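*Asks:* Quick one: this structure, given as structure tokens, is what I'll be asking you about.
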Amino acid sequence: MTENGEDCTLNCPCEAPGKGDYGNVESKIPKTPFVDVKTTNKNNDEGQADREIPVYLPRPPSIPKASKFGKSVSVEDSMRTRKLRSSQESLSDRAETGSSTDSLKDDRTSQRNEQNSISRPQPAFSVGSPVFEDRKSWQPQHEARPYRQQSVPDDQRGRAAKPRLSPVQPIGPLPSLDRNFASATLRAANRIDRDCLDYGMLAKEKGGERLHRNLSDSRLLENMGSDSTSVNSMKSIYSVLSPIRPQDVRNRSFLEGSMLGSGALLGAEELDRHFPDRRVGVYVVTWNMQGEKFLPTNLNDLLLPTDSDFAQDFYVIGVQEGCPDRREWETCLQETLGPHYVMLYTASHGVLYLTVFIRRDLMWFCSEVEHATVTTRIISQIKTKGAVGITFTFFGTSFLFITSHFTSGDTKVYERILDYNKIIEALALPKSLPDTNPYRSSPADVTTRFDQVFWFGDFNFRLGKDRAEVEAIMKGTVGGNMSPLLEHDQLSNQMKDGSIFKGFQEAPVHFFPTYKFDIGCDNYDTTSKQRTPSYTDRVMFRSRQANDIRVLKYNSCSSIKTSDHRPVIAVFQVKLRPGRDNIPLCGGLFDRSLYLEGIRRRMTARELKRREAISSQNSTICAIS
């Protein structure tokens, strides 16, 4: 019985199980006498007045009668709850939408939960009690409904209806944790490839000390010594792109100039990150094409020979008596080198072509490119004899590449020396690029104004012997020793006298003479002139500092047979030095249209090869069947 004289239902706190919560209940429930449930129901049925029993120490409630709903409720409430549960919750409960077997499982589960609830203390009141009827306004909607009608997550409902498996115990002791906690996939993803093995080389050179020159000013690896996986990951990533702090971006003025070289785009920090050993690869090709209109079908043997492990950073190709269509020649070069390289610059002087390709990720460290030409035969309408020079600065090292074609003739040694002297005096380079070492430059010799100079071409110097003697010496050569032939070489003798190519060097020659062949075969001149085989095609190099240029390869390409000359290949490693930002940069300029055309042709050629391979396979299968 409440204060208003209303009847108390079975959910009254007087019948709620549990002893320990009576102190809290008495503090919240008004001090009214408790009413015996059986007496109240009986008197209400007979229409008699309720008999109030003053309660100072209420008797403990009796254990509620067990039911499959888990609590003491009336039959009407249980039916209503069951109806709501079957009509509403079963629509969203995946555990309830099965067959009748699922309902039996649910009943067994509820009975087990009921038995467990008897041993645990229960609250002294229920949400549906009339005492708390007035508090439903502030209760959440899901708490105001009966327990079975409250929203329960689907995963919890599903778990309640499924049997629980016992945990699996480990058979043996667990392995100890490793500090290198990266997974195998992460290690494979962050592994440093063969092209980025500069870290190991630096460690050996410096005695194993920690080096951070390859990173930016932030020095992120200093505080990560305990995490070897993160260190290896950062090394593999930042060997290409290093992190840059906002402060560095604010302070750096790449184009305006950083005279001290600290933080400069061409400074030591960027140089060591891209070239830890401070050496760049240069691939030089010289070839007299004899003006042939038809180009070789494949230039891979010329630019990408199989005996080289790595491609180089620069490809410089000088051509004498080039093909009539110079653009077609440059497109073939781009198609062969592929998307990793772009044409930095090209220049021509009549039929003399000079082309420079550079790795596309290195063109940002290259200055503006300048070129100049010199003609040595003024009377000729077609400029066949002379020189073309291209110069630029890469980081802090200046380069000069010259390709030339000297006067031909077996006995015209003096005329060729005159051609050389005219070129070094008349080649007007550099124009606006600053001289990296003006104190060692000479106005009378263009080759003294640059750090690294490469001069290559058809110099037309011959062997001072008749053909029969030269062929006899060639047959007697063993193991590529060409010194008996070079004793009669006009160019070698003039260099020893100091009359030509002063300060230049040439790598040891271990190949046969490159002139003159019958086109399409390996036979020397079989015409009526019977020209003597000679080393007309040469590559010379000069450096301001001793040992700055290291020769890796010097050979001829015997597979290119479309001309009476064999191309000559020279591969170098060149020392680099950091530079300043007072050098005008090229800003990443290259011939975009040529690049796209070369890549398109490359893709088309691969597609044709693929189709030919498929057709050949199909024809073979048909023949077998």
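*Asks:* In what order, largest first, do 391, 306 sit by accessible area if the probe radius is 1.4 Å?
*Replies:* Result of the area sort, largest leading: 306, 391.
*Asks:* What is region 402-553 by shape, rounded, prolate or oblate, if you read a ≥ b ≥ c off the alpha carbon gyration tensor as root eigenvalues and call it rounded for a/c under 1.5, prolate for a/b larger than b/c, and oblate otherwise?
*Replies:* prolate
*Asks:* Let me ask you something else. What distance in nm lies between label points placed 7 Å from Cα along the C-beta direction at residue 611 and residue 361?
*Replies:* Inter-label distance under the simple model: 3.5 nm.
*Asks:* OK, next. So if R0 is 35 Å, what FRET efficiency would residue 432 and residue 601 give, r being the distance between their Cβ atoms, rounded to the nearest 0.05?
*Replies:* It comes out at approximately 0.50.
*Asks:* Determine the sum of side-chain charges near residue 594: Lys and Arg each +1, Asp and Glu each -1, restricted to other residues whose C-beta is under 12 angstrom from that of residue 594.
*Replies:* It works out to a net charge of 0.
*Asks:* So, taking all protein chains as they sit and a 1.4 Å probe, how much accessible area belongs to residue 521, in Å² rounded to tens?
*Replies:* Its accessible surface works out to 40 Å², give or take rounding.
*Asks:* Another question about this same structure. For residue 375, what charge total do you get from the other residues with a beta carbon under 12 Å from its beta carbon, if Lys and Arg give +1 and Asp and Glu give -1?
*Replies:* +3
*Asks:* DSSP loop trypsin sites (Lys or Arg not before Pro) in region 469-562 with at most 13 other Cβ atoms within 10 Å of their Cβ, which ones?
*Replies:* 502, 529
*Asks:* Can you list residues from other chains, or at least 5 along the same chain, whose modelled amide H is less than 5 Å from the amide H of residue 277?
*Replies:* Those lying under 5 Å, H to H, from residue 277: there are none.
*Asks:* Give me the net charge for the shell around residue 349: Cβ to Cβ below 10 angstrom, other residues only, Lys and Arg +1, Asp and Glu -1.
*Replies:* That sum, taken over residues with Cβ under 10 Å, equals +2.
*Asks:* Return the distance in nm (one decimal) between the two label points of a simple spin-label model at residue 561 and residue 547, each offset 7 Å from Cα along Cα→Cβ.
*Replies:* For residue 561 paired with residue 547, the spin-label model returns 4.4 nm.
*Asks:* Kindly count the pairs of lysines across region 429-566 whose alpha carbons are less than 23 Å apart, treating pairs on different chains or eight or more residues apart as eligible.
*Replies:* 14
*Asks:* Just grab the label-to-label distance for residue 311 and residue 518, each label 7 Å out from Cα along the Cβ direction, in nm (one decimal).
*Replies:* 3.7 nm
*Asks:* Rounded, prolate or oblate: which fits region 332-404, taking a ≥ b ≥ c as square roots of the Cα gyration tensor eigenvalues, rounded meaning a/c under 1.5, else prolate when a/b beats b/c?
*Replies:* Since a/c reaches 1.5 but b/c is at least a/b, the shape of region 332-404 is classed as oblate.
The values are calculated or read from the model by the stated rules, or taken from the named source; none is laboratory data. This is a predicted model, so every value here is computed, not measured. Heads up, the Cβs are rebuilt from the backbone with ideal geometry, glycines too, and the neighbour counts pull from every protein chain shown. For the accessible areas, the whole protein counts, side chains as well, though only heavy atoms, and no ligand, DNA or RNA atoms are used. Shrake-Rupley method; radii C 1.70, N 1.55, O 1.52, S 1.80 Å.
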